[in-house]
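Every read-out reported here was derived from the displayed coordinates using simple, explicitly stated rules and does not represent laboratory data. This one's a predicted model, so the numbers in the text were calculated from it and none came from an experiment. Cβ sites come from the backbone with ideal geometry, for glycine too, and all protein chains shown count toward neighbours.
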Amino acid sequence: MNTRADVRRLLRADNVSLKMSTPPRKPQVLQAEKAMSLPTPDVLPIPDQVAAMRAEMSDLSELVVRLYKIVAGVRDNIAAYVPKPVEAAPTPSSSRSVKLVEYLSHDRWVTIDTLPRDTGLSAEQIKLKLQYLKSRDEVEIFRGQARLKAKPERPKRVHWKTAQKAAKDAAAKKAAAPRRRGRLARGESQAA
């Protein structure tokens, strides 16, 4: 309690007003003025209140119907929209050159002089990274500009069992193909 009193004293010294726990007193109105003043009608008559309530209810119900239509339309659009599956980004060949490769992929040809400013790497780091990427044949450098090379698509990897089965099927088809017999067929093949 003493600490509170000290805090209040300090606040009063700084002209900070405190919230009082008791409500402030209303100024006393003189009895004569109160007797002479006419009563003010603060309350609306009941028929007017009912009419106002009906008008508000009709406005609110109209808004609810409009919102329901909007929500139904949005729900139908969301249900019809099927997003494309997001492909996982391939892992970079070297974690050291990630920042430079990501920046180079945005533009076709990029001036090497602007790379330190745009990537936040030093000029020496850029030089080393470009040399590394060029040795891996991932970057083209021409007249002070660099760009990523297009990566050729790799053939799809096939399990060795599947490859054996495909080879057997191809051999069986070749063996099942009809052969020509006779001298004419042999002569045609030699002429060709």
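Counting 0.36 nm for each residue step from Lys127 to Leu63 and taking away their Cα separation leaves a gain of 16.6 nm.
Modelled spin labels at Glu33 and Ile70, positioned 7 Å past Cα toward Cβ, are 4.9 nm from each other. The GluC sites (Glu not before Pro) found in the range 112-160 that occupy coil by DSSP, while having at most 12 further C-beta atoms within 10 Å, are Glu153.
Among residues other than Asp137 with Cβ under 14 Å from its Cβ, the summed charge is +3 (Lys and Arg +1, Asp and Glu -1). In plain terms, the chain from Asp169 to Arg147 could stretch by 3.5 nm, reckoned as 0.36 nm per residue minus the Cα-Cα distance.
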